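Each remark here refers to the structure printed beneath this line.
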Amino acid sequence: MYSSLSLGCYTGCYDILSLLDNFIAMKKEELMHLFSGIEDKIPFHKALGLKVDQMEKGKVRFYLSFKEEFIGNYLQRFYHGGVLSAAMDGAAGAAAGSYLFPSKSMGTLSTMDIRIDYMKPVKDQDIHVHAEVTSAGKRSIFVRMYVTYVNDTKVLVEGRAVMNVRQSDPNPIN
């Protein structure tokens, strides 16, 4: 990414951009390790069958294999909107968590607000659920999500979520 550039340094300088490339690659590897098997760590993701397909800081793509149980319109075999919104909510949480990585605040995320626009009906096919952090503050992270068929780039469903980043409470109420 940055390796094609180099900084002119006096003797003894390191190629800073090469070091940066190595650091970025290491962080991506750590992220994928952390989120690999997420479908087994989060029971609802396991029930849906969400699989992490791609991930980098602040960005995730889930793969969702079609199941008969996902049908909401049996005449036309369209996905139920609840399945799509749940998958998009999960993707938003994963994108926000990867954005915070390696901060301890990762585990304190919750969905504060979510909006889903069903632009086209989603037929009985495997889909990708994409999510990307668009901006972040100290207490909120804003995420854009969208759904496509696996072999297509046309957006079928899109949404926006605001994720709440809770600060650690020294005296939590049980």
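The values are calculated or read from the model by the stated rules, or taken from the named source; none is laboratory data. All values derive from a computational prediction rather than experimental measurement. With ideal geometry, Cβ positions are generated from the backbone for all residues, glycine too; neighbour counts draw on all protein chains shown.
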**Asked** Counting just the residues of segment 131-160 that are small (G, A, S) and within 19 Å of K57 (Cα to Cα), which one comes out farthest from the chain's Cα centre (by Cα)?
**Response** G137
**Complete:** Taking segment 58-103 and keeping residues in a helix (DSSP H, G or I), surrounded by fewer than 24 Cβ atoms within 10 Å (Cβ to Cβ) and not hydroxyl-bearing (S, T, Y) leaves E68, E69, F70, G81, G82, V83, A86, D89, G93, L100
**Item:** Restricting segment 52-76 to residues that are in contact with a helix residue (DSSP H, G or I) (Cβ under 6 Å, 6 or more places away or on another chain) and hydrophobic (A, V, I, L, M, F, W, C), the residue that is farthest from P121 (Cα to Cα)
**Value:** M55
**Asked** Counting only residues that are assigned to a loop (DSSP other than H, G, I, E, B) and at pLDDT 95 or above, which one in segment 113-139 is nearest to Y74 (Cα to Cα)?
**Response** D124
